[in-house]
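The values are calculated or read from the model by the stated rules, or taken from the named source; none is laboratory data. From a predicted model like this one, the values you see are computed outputs, not experimental measurements. Cβ sites come from the backbone with ideal geometry, for glycine too, and all protein chains shown count toward neighbours.
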Amino acid sequence: MGRIFILRLDHGEDLIESLRGFSREKKIECCAALFMGALRDGRAVTGPDLPLVPPLPHFEGFESAWEAFGMASIYPSNDGPKMHIHSALGRDREALLGCLREKAEVYLVVEAILFEICGSGATRAWDESMQLYLLTLAQSAGQGKMEAK
């Protein structure tokens, strides 16, 4: 375990860009993040259009103000740190769960806690068949299991 950061993101900031920018600024290569607050005006992948490989993402947009709780992971890759961020969003009796992409604007405030992970050996590597950056873990000797160092 490494450093722990507590962030407050304010109204109008972009959650995705703020987390990316902060991790670059603090040179965080690997971390887990939790966040809660409210988001507006964003897009989420809510599964594929059809269950094919590689998947064709199905996007849902959200507008106005949605309560949000989510988590993200950041791992190094050959192209620099890559973030994967999922969130549950709720408004009135509607719910949306998905992978936040491109933009997610903060409505009022979002609180986030980032937990830096040191020495795991975990990375993200491009998988040509999936057309995604996938988590890659070190092979455990003789056990057939994947685990972080």
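At a glance:
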| read-out | value |
| --- | --- |
| Residues of region 39-51 that turn out to be crowded, with 19+ Cβ neighbours inside 10 Å and over 13 Å from the mean Cα position of the chain (by Cα), as a count | 3 |
| Subset of region 15-51 [touching a Leu at 6+ places or on another chain (Cβ under 8 Å) and among the small types (G, A, S)] | S18, S23, A32, A33, G37, A38, G42, A44 |
| Complete set of residues in region 22-56 that are in contact (Cβ under 8 Å) with a residue 60 or more places away in the chain and β-branched (V, I, T) | I28, V53 |
| Test: residue in region 79-95 that is farther than 29 Å from I6 by Cα and either part of a loop (DSSP other than H, G, I, E, B) or of a type in the set (V, I, T) (or both) | yes |
| Selection status of L19, surrounded by 17 or more Cβ atoms within 10 Å (Cβ to Cβ), touching a strand residue (DSSP E or B) at 6+ places or on another chain (Cβ under 7 Å) and touching a residue at least 24 places away in the same chain (Cβ under 8 Å) | yes |
| Leading residue by the ranking (modelled with the lowest pLDDT) among those in region 52-78 that are under 17 Å from the mean Cα position of the chain (by Cα) and of a type in the set (S, T, N, Q) | S77 |
| Region 114-138, residues that are under 13 Å from H84 (Cα atoms) and buried (at least 18 other Cβ atoms within 10 Å of the Cβ) | T123, R124, Y133 |
| Residue that is at pLDDT 95 or above and over 30 Å from A138 (Cα atoms), where the choices are A33, A112, A95 | A95 |
| Count of residues meeting criterion [among the acidic types (D, E) and either touching a Leu at 6+ places or on another chain (Cβ under 8 Å) or loosely packed, with under 10 Cβ neighbours inside 10 Å (or both)] in region 52-65 | 1 |
